[in-house]
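Engineer: Have a look at this one.
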Amino acid sequence: MDNITIVNSISAKEVVDNSISIFSLIAEAGFVVQLVMFILVVMSIYSWTIILSKKKILLNSKNDIKNFYKYFSTDKTLNELQSKIPSDGTMVDIFYSGYKEFTHSELTSNQSNAERAYRLMNATVNNEIDQLDRDLSILAMIASSSPYIGLFGTVWGIMHSFIGLASVKQASIAVVAPGIAEALIATAFGLFAAIPATIAYNRLSSKIGDISNQYTAFIEKMFVIFQR
């Protein structure tokens, strides 16, 4: 008798385990909850696209700075720098924006030329930083809004689960468990989209700040050379 009871309990457990799974809960979720999950999946994919593309761009920027400094030295004259630096790159663009402005007019003093070159190099750097910052606001939006979108799906699913209890004469945990489980999956989707986006936003912002500081330091060095 005890063996039959144990077998029946195991069989019942297997039925429950087989009938309730993550994929079945997603497939059987209500339209609103499924729509929330779909939106969160799209947001997660888009955030990863931004993360990977920005990582490549920032790596290229760091390599560009490293390669430029192989040829740059404050001990060299402008003509020596102009003849030895690479032919392309962001650092080269910053250098030439100042160099061309400084050598543009021989009628004014070196101080005036240096100040104009300094302002022009700053403008070039600001444009470059704006390019690096592009799409980071979207990443921040995904990081901040995904948990709330997932929470909306959870609240909606739980609400409908309890509304469904009104038509059931004998309520039990087995009746509401699937509805609550599918609703909680929406929150999991929200966190799945938000956590990587938050970490990546902070990390990418920090790297962009480091690159911006290196650009600023280079401009200051060039200003010293111009004044010399």
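Laboratory data are not the source of any read-out in this text; all were calculated from the coordinates shown. The shown structure was predicted, so the numbers you read here are calculated from the model rather than taken from an experiment.
Engineer: Cα-based count: Lys pairs in segment 30-227 below 21 Å, eight or more positions apart or different chains?
Structural biologist: Number of lysine pairs found: 23.
Engineer: Whole-Hz Karplus ³J(HN,Hα) for segment 217-225, in order, using 6.51 cos²θ - 1.76 cosθ + 1.60 and θ = phi - 60°, x for Gly and Pro?
Structural biologist: 4, 5, 4, 4, 5, 5, 4, 5, 5
Engineer: Next question, about the same structure. Contour minus end-to-end for ASN126 and ARG203, with contour as 0.36 nm per residue of separation and end-to-end as the Cα-Cα distance?
Structural biologist: Result for the pair: 25.7 nm of gain on full extension.
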